[in-house]
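Below you'll find the structure, written out as structure tokens, and then a few comments.
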């Protein structure tokens, strides 16, 4: 496997160092004219510098202290590199990921693994594709209402007692079972609200 050149590694590491220092204009200037950036929740656009600014501002509005740590840079082709990152930050602002969901600030510390494919040509970024585990992010940004969960569990306990006491009456058994099903669904949505349609 080819080794990333020192010049290319400087471009890639400089790109993330600029983000960490909040020198976003400097980072966006690393994109070549016509470069494409793909990053959730935005669609790919042939103005990567503008896409980068929008993507960065979206995340920094939700995580003002966001920091990207480069774990590894692996050269995949002559120009394409896979960068594995760990992003950390405090969820202090709203995060609107479009179809992925809207998350109110939790105040919690978040750690997320990212992967970015970066194509570097002539010292500039020609292509970028950012991917992340949305389910992991959702899990971290979801607040559980434990009082509501305990209420549902209390109701389930009462329904269990009712079901045990109805005897062999199929109509009553079905009625109680349906109520149990609704209560289970409600409890599940408290714990995992991202399943809400």
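Here, each number is a calculation from the coordinates, and none is a lab measurement. Quick caveat: nothing in here was measured; it's all calculated off a predicted structure. Don't worry about glycine lacking a Cβ; one is built from the backbone with ideal geometry, like all the others, and counts go over all protein chains shown.
Under a GNM of the chain (C-alpha, springs under 10 Å), which listed residue has the highest mean-square fluctuation: 14, 107, 165? Highest fluctuation of the listed residues: 165. Altogether, the Stokes-Einstein calculation at 20 °C and 1.002 mPa s, with the Kirkwood radius of region 52-169 over Cα pairs as Rh, returns a diffusion coefficient of 122 µm²/s.
Distance between the pseudo-spin-label points of residue 145 and residue 80 (7 Å out from Cα toward the beta carbon): 4.6 nm. What fraction of the DSSP beta bridges in the chain is antiparallel, stated in percent and rounded to the nearest 5? Of those bridges, close to 90 percent are antiparallel. Largest GNM mean-square fluctuation among 113, 179, 22, using the chain with Cα springs under 10 Å: 179. A Förster distance of 45 Å, applied to the separation of the beta-carbon atoms of residue 166 and residue 65, puts the FRET efficiency at 0.20.
Against the main long axis of the alpha-carbon atoms of the chain, helix 146-165 sits at an angle near 40°. The Cα center of region 58-101 and the Cα center of region 15-34 differ in position by 14 Å. One decimal place: the segment residue 17-residue 50 gains 10.0 nm when fully extended, by the rule 0.36 nm per residue minus the C-alpha distance.
Hull volume per residue, based on the alpha-carbon atoms of region 146-195 and their convex hull, is 53 Å³. With all projection directions averaged, the alpha carbon convex hull of the chain covers 14.6 nm².
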